[in-house]
Every structure is written in C-alpha cells, then in structure tokens.
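Taking it in order: structure first as structure tokens, then the write-up.
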Amino acid sequence: MAPELPGVQFEPLAGSVAAWRAAVDAQQWLRAGEDIADRGGRLAALWASDDTDRGAGLCVRALLVSFEGLICLELRMPERDASFPDLSQSFPCADRMQRAVHDLCGARALTPDGDAADPRPWLRHGAWPEDIFPLRRNVAASARWPAQPDAYRFVTVEGDGVHEIPVGPVHAGTIEPGHFRFSVVGERVLRLEERLGYTHKGIEKRFEQMSLADAIRLAGRVSGDSTVAYAWAYAMALESISGAQVSERALRLRALLLERERIANHLGDLGYLGNDAGLAFGLAQFSRLKEDVLRLNARLFGHRYLMDRIVPGGVALDVDPAAIAVLLDEADRIEREVRALRAIYDDHAGLQDRFMTCGRLAPDTAVRLGVVGLAARACGIALDARAHPGYAPYTELQPKVITERAGDVAARVNVRFEELFESLRLERRILRHLPAGERVAPLAVAPEGGFGFGWVEGWRGEVFVALEAGAAGTVRRCHPHDPSWQNWPALEHAILGNIVPDFPLINKSFNLSYAGQDL
Amino acid sequence: MHKLLRQIVKVGIRTEAPPQADDSLRQITDRLNQEVLRLLGRALAIRHVDAGSCNGCELEIHALANPYYNIEGLGIRFVASPRHADMLMVTGPVSRNMEQALRRTYEATPEPKLVLAIGDCGCSGGIFGDGYASCGRVASVIPVDVAVPGCPPPPAAIMQGILTAVRAPAQGFR
C-alpha cells in the first residue's frame, strides 16, 4: 500500500523492507513532515548529499517511518546558500541531524521566518573551517586544515545557588568521549546539555573512497558494539540495489549472529548496571557469562564480536551439527544461570531501590522525542523493526516485542532480562530449524545510481543504512544512522530532577553509542 | 543473601594465568630503568583515553576486568584521572576533535608517561586512516611505548601489551 500525500509522487524501492522515495519541493517537505507526524509517524534519519557533479545541486533526505513503511523525501537545493525547511517542529530529534547536515554539506535548516533553526555546529568542533563542508564533492578526502577556534555556546541556567559541572570529553571510566554540562542546585540536576561529535572521524567521506564490496567492513566499524546490526543493514541495502537473493540459511545465520550480539551486550549491561548501583557481584557474574559467549563466538565463528561475519550476499561462516549442539548447550546454560542471577537482582532490596523510579523517561516525552529501541520499549512503546515491519527471517521467527511501562532504570533492566530470554529462544529456534542453502549468493553488479536501504533492529535500537552506488562498483554515498541520534536527547530529559551521583547509572541504563552518532 | 553467596561458591575462582611479555610489541626501548619497571610492574595505574575508536576496543578493555582475566589481581588498576596514572592506554585513530583532549591528558600525566596504543586504529589509523577529521595513529599525536594490533585485540593481547610495557626488555638490561 503506497503512502498518499497531496501532490507527491511515490516511487517504490526494491528490497527487503517496504520503502518509497519521492522528490518534493520545500513546501511539500514541510507539509509531508507535519502530515506524517500527525499520523503518528516518526523521523528515522536526515542527511544530505552533494550532487553538483551531476548538475543536480545538493539533496537533503528525510527518512520517515509511517504505518506503510519507510518514506524517503528528497529535496533538491541549489549549491549556493542551500537551505531547507526546518523539520524540528514536527520532529524534535531533527535538530542535531540538521546541524550535522550543515556542518558536513553546508545546507541550513531554516524556520518559516528564514532564520537558522539552530545555528550552532554539532559535529564541527574546530577541525575544519566554518565555510568548508567536507562532504562536498570538491573537497578532497586528504584535505586538512589547521585547528580552528572552538567556542560552543551551552545554554546557561541562572539563579540562586545554580552552578555548572562540566564533564568530559575524557571521562572517569572506560567510556567513549563526550561532554556533559550539568546545571545543578546542590546535588539535584536542573538541566543537562550534551555536546557530542568528539569521535567524528569522517566515516561518510571514507565510504566514498571504497568499493561497495569492501565498504561493509567500514559499516561494521561505525559502532563496534553493534557490528552485526550495521553489517547486516549495509548488506541489506547493497542486496536491494543489486537484486541478490540471499538464501534462507544465510538469513537465519545472520539472525543467529544478531541475537548473539544482543545476548552479549545485554549480559554486559546487566553486569554494569548492578555494578553502578554498588553490586560488584553482578558485574563479576554477568561479565563471566558474556566472556563465555564471546569465547564461543571466537571458537565457532572466528571473531569474538562477530566482525566481518556478514558479507554481501550472505555470511562468512557456517555451522555443522556439532557446532549446533554446542550452541544449544550454551543457550540452556546461559538461560539457567541468568534466571538464577535475576532472582538475586529481583530480591536485592538495595539494588531495586537504586533502579526503581531512577531516571524515568515519561512515555509522552519518549514519543515526542522519537525515542527508539530498548529505551522506547521500556516506556511501553512497542517499536521493534524485527516485528514491525519485520524482515526476513524474522517474519517467520516471530520475535516477541518486550515492553515495560515505568520508563525508569528498573524498566530498562527488565527489558534487557526479558529480551535476553527471548533472544535465547530465537537462537534455539534458528538452530533447530536451519534449512539447507548456500552460504553466499552471487551479487550482480550494482547499477550506477542504484539506491537502497537497510533497516535492522540492533540490540540498542534500529540501525539504518542508506546506500547509493557509484560508477564501477564504488560507493557514491553511504549514510549509516545509529539509534543513539534519537535517544541521546532523551537522556537529557531522563536525568531531570535526579541527583548527579545517579547519572552514571541512568546513562548506563541507556548505554548509547558515541561513535555511532559522531560518525 | 544466601542465594548470592551460594552463587559465588558455586562459580568458584575462574581466573587464568596472565600472558608473557612480548618484545615485538615495543615501539621504544630502554626508556626506563629496571628499578622503575619493577615498581610499576607491581602496582600500575592506567588511564584509558578513547581518542576516536568505534568502541570495539573499549569492549575488550572492559573484558580485562572480568573474572577470567582479573586484571586487578595483577596489581593493575584503571584510574579516573591522568594525574593518578603511570600509563595511558589510548584507543582509536585520533580524531581531530579529540587531538587536543589527548594532548592535554598526556601533559597531565606524571612521568614516566608510559603510552600503550591499542588496536589496529591506534597502531596505524586502521580502516579509518588519516583524513579531514582523523589524525590516524596515536603516535602521530603523542609518543607511544607499546602498540598492540588487532581489531579489536583480545583481552589477553592487551594484557600482554601492558605487561610488556612494564617488564624490562629481554636483552635490554642483562
């Protein structure tokens, strides 16, 4: 069922997910955004490309999720003073993405009055000048600039007894770099403002120097903890462009890897959440189980985190009956042990006291911010791309969408426990019903200008990859999108009214990716 | 409480023997004398700096604390401030947005400022290489004593890198 918007022509896109694209003008761009927001849709990603080498100016794209599926709006702009209408009134999460579009491509989001929606840079700290846009075609990949002055304007909170606590970019633990500016009275947080972009290393530019076949390795390193989700999303996008038919066996093996990635990450998080609430026992136990999973990954699949195991057209591994037996054994043992540990967590009054009501994200705030993934499900929002719209092989595996209602740390802990059990169930089901089939399907040459999407529910939330093929099997443009774009702003809300010492616990309960959003 | 204690007893001690030092990982030799190394080798404080990694190496640094590797059992601790650190453990290609933060962290670290570069990116820039936003390998920004390749290097390899940095080179002092 094609989406309908007045005056807009939708063109269906081939691939595993229902998706349409449409060229729009500025007015339709704004109207379509409002329309889809009113109908309960959301903004999945927003990015821009430079097509001046084809005489087509710049193009900004908004990827929207509506009931029908994915809708990609494409708005073309002249290169000089490029601008497009600000979508942040309909979708607040558009703000940071629009700022990144300006930093990288030089197209500005404007309010109806013609002012910049938010003129502050987001990814540009000082590595390149204000009037240089690295993703423009005329900027060489090897170009370098001397460090520029960097004066970021944080929003200041004033009043009696208010003071600021700046934290980062180098944090006190083994954490990725980012800056948090707390405005506090006593210990209570009045406001948190995040500044990210520290790990920006120009991945999108790097993609354009790679072949379509090699670039899957880079996609798998956008956010290392979600390497399977990214590699799968990239493969899905490439396969939709080149029309490859991946075997049912390879698809199920991909799902096996994705669920094992979820299991490993949830085990790690459950340990750290116990630890951050003062129960070191939890970390010791869960990190031991996580290590068991990683070691089995290394033994059976050749990599602890399953990097480079998904390849275009299929998978770079297979399982024999002996391996299946070992995996099934492990699944039973992990389930038994986690159930025992959950009983300990559930009965531990001190731990539950720290978890419950801490870092609560209200469901209406979460909807408004467009929160996705695990964090959304912990406030009762049943978003899970594996279930809806669903993609092979999940349409047959029928994963259960786990939700909790409280939206606090306890809810995010419980979602992780339940998802872990569900992933173990899926893993068993995959292993017991593995059809025969080829490991890798041959891939036709991707036609120049071919355009496709990948959409995969990683352990943190949905991962998108938008891919455009260039000449002779090269990447013309690749935009990977991490769920952290949507969820980071939610952390600023979840912390409000809590005390500073609870921030590490609340932050961990979201466990968002810096690298994934900094790109 | 009894469930918790029973679990601890049931699981028992899982810690494995640490790896041996590997001289081939050394980038700089003969910088410190044996006495300093002997002291550091028994109580080492490390400050980790993610200078732009994909967070894969961080997963393995975290794994060092699990019961199998039990890095604290060797007298090695991760500390919250560079001012408390004997060694910086740096991951990632150094992003330009982290270049200054990394330099400042290095300046804030007291001598002997041992530096361990972790992962293919830290060793060579890895898949990200140099570019408008990446300085490439760690050694292009601060001096590196020991470099541990791998994407990501498994915990035992990282541990080997740490131990190499605080052991006298096999030929150096004999």
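The values are calculated or read from the model by the stated rules, or taken from the named source; none is laboratory data. The structure displayed is predicted, hence computed values, not measured ones. Every residue, glycine among them, receives a Cβ derived from its backbone with ideal geometry; neighbour counts consider all protein chains shown. We work out accessible area using only protein heavy atoms, side chains counted, and drop any ligands, DNA or RNA first. Shrake-Rupley method; radii C 1.70, N 1.55, O 1.52, S 1.80 Å.
Remarks
- Summary value for chain A: 17 percent relative contact order, contacts being C-alpha pairs under 8 angstrom separated by 6+ residues.
- Cβ-Cβ FRET estimate between residue B:27 and residue B:108, R0 fixed at 25 Å, reported to 0.05: 0.70
- Charged-residue dipole, Cβ positions (Lys, Arg, Asp, Glu), chain B about Cα centre, Debye nearest 20: 580
- Order of exposure, largest accessible area first, which applies to A:144, A:304, A:336 with probe 1.4 Å: A:336, A:144, A:304
- Gyration tensor verdict on the stretch A:138-267 (Cα atoms; rounded if a/c is under 1.5, prolate if a/b is larger than b/c, oblate otherwise): oblate
- Expected 222 nm ellipticity per residue - DSSP helices of 4 or more, -39500 (n - 2.57), all of chain A, to 500: -12000 deg cm²/dmol
- Solvent-accessible area of residue A:24 with every protein chain in place, 1.4 Å probe, in Å² to the nearest 10: 10
- Once both labels are positioned 7 Å from their Cα atoms along Cα-to-Cβ, the gap between residue A:280 and residue A:298 label points is 2.5 nm.
- Antiparallel bridges, percent of DSSP beta bridges restricted to chain A (to nearest 5): 85
- Per-residue mean of foreign Cβ neighbours for A:283-290 is 5 (Cβ atoms of other chains, 10 Å radius).
- Efficiency of FRET from Cβ geometry, residue A:346 and residue A:165, R₀ 25 Å, rounded to 0.05: 0.15
- Positive-end ranking of A:415, A:389, A:445 along the dipole of chain A, with charges on Cβ about the Cα centre, is headed by A:445.
- Long-range HN-HN contacts of residue A:122 with modeled amide H, under 5 Å: A:103
- For chain A: rounded, prolate or oblate by the Cα gyration tensor [a/c cutoff 1.5]: oblate
- Separation of the residue A:4 and residue A:67 label points, Cα + 7 Å toward Cβ, nm: 1.2
- Calculated P(r) of the stretch A:405-519 - Cα pairs past 20 Å, %: 62
- Farthest towards the positive end of the charge dipole of the stretch B:26-165, among the residues B:101, B:91, B:123, is the Cα of B:101, using unit charges on the Cβ of Lys, Arg, Asp and Glu.
- Charge dipole of chain A (Cα centre as origin; +1 on each Lys and Arg Cβ, -1 on each Asp and Glu Cβ, all else neutral): 1020 debye, rounded to the nearest 20.
- Once you reduce the stretch A:60-75 and the stretch B:66-122 to the center of their Cα atoms, the two points are 43 Å from each other.
- Using heavy atoms of the protein chains and a probe of 1.4 Å, the accessible area assigned to residue A:174 is about 20 Å².
- Among A:260, A:309, the order of accessible area from largest down is A:309, A:260, computed with a 1.4 Å probe on protein heavy atoms.
- Antiparallel DSSP beta bridges within the stretch B:21-173, as percent of all bridges there, nearest 5: 15
- At R0 = 35 Å, FRET efficiency that the Cβ-Cβ distance of residue A:26 and residue A:131 yields, to 0.05: 0.90
- Cβ-based charge dipole, the stretch A:310-430, positive-most Cα from A:344, A:334, A:370: A:370
- Taking 7 Å steps out from each Cα toward its Cβ at residue A:364 and residue A:154 produces label points 3.0 nm apart.
- Accessible area, probe 1.4 Å, largest first, for residues A:200, A:303: A:303, A:200
- Estimated dipole of the stretch A:11-110 in Debye, rounded to 20 [Cβ of Lys and Arg +1, of Asp and Glu -1, Cα centre]: 160
- Shape of the stretch A:11-110, Cα gyration tensor, a/c cut at 1.5: oblate
- Calculated P(r) of chain B - Cα pairs past 20 Å, %: 52
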